[in-house]
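Comments concern the structure below.
The values are calculated or read from the model by the stated rules, or taken from the named source; none is laboratory data. Just so it is clear, the structure is predicted and the values come from calculations on it, not from any experiment. Note that each Cβ is placed from the backbone with ideal geometry, even for glycine, and that neighbours are counted across all protein chains shown.
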Amino acid sequence: MSSSPYNATGEYQPESTLKLPDLFAWPPRPLNALRWVCFDMLFPWGFFYIALAFISWYYLTPSLASMTEFSAAWIAQIWLRNAALLTLVATGSINCIISISISILAIRAHRWMLLSAAGMTAVRNHCWSRKGVSAGNAVGPPE
């Protein structure tokens, strides 16, 4: 048996065939289709882009009252918002920003754990030091 992906006539034959997504399967399986849409298709970046759309609509769009009148101010605000979002997403900068944010949070958590571990060591050493031990409780530090 050959490990080559080509058959005897030289045509490419993949090892396995592609599986039809559950969304298009017949008979319909709604729970499997919903699971496929949520976890195979949208997770994680699809949900991030949906959240980004809601945030930009609710916080970065001018109020509808100001947009009732045609003016260059709100048009420029929407254009600049869209240009900034397009630049962030299309250049991959949003991935870098998210990665850097996660790294900073991890470093802070690691530093906090190190500081709290050092603090606990200092407290333990103080509690088990010779002057911290009473005459009636003359046991040493745990090993």
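Considered as a group, the residues in region 7-46 that are part of a helix (DSSP H, G or I) and among the small types (Gly, Ala, Ser) include one that is farthest from residue 95 (Cα to Cα), and that residue is 33.
There is at least one residue in region 43-58 that is exposed (fewer than 10 other Cβ atoms within 10 Å of the Cβ), farther than 30 Å from residue 19 by Cβ, of a type in the set (Ser, Thr, Tyr) and at pLDDT 80 or above. Specify which of the listed residues (33, 72) is among the small types (Gly, Ala, Ser), touching an Asp or Glu at 6+ places or on another chain (Cβ under 7 Å) and free of Cβ contacts under 8 Å to residues at least 40 places away in the same chain. Result: 33 is the single residue among 33, 72 that is among the small types (Gly, Ala, Ser), touching an Asp or Glu at 6+ places or on another chain (Cβ under 7 Å) and free of Cβ contacts under 8 Å to residues at least 40 places away in the same chain. Each residue in region 78-115 was checked for being touching a Ser or Thr at 6+ places or on another chain (Cβ under 9 Å) and modelled with pLDDT of 80 or more, and 5 pass.
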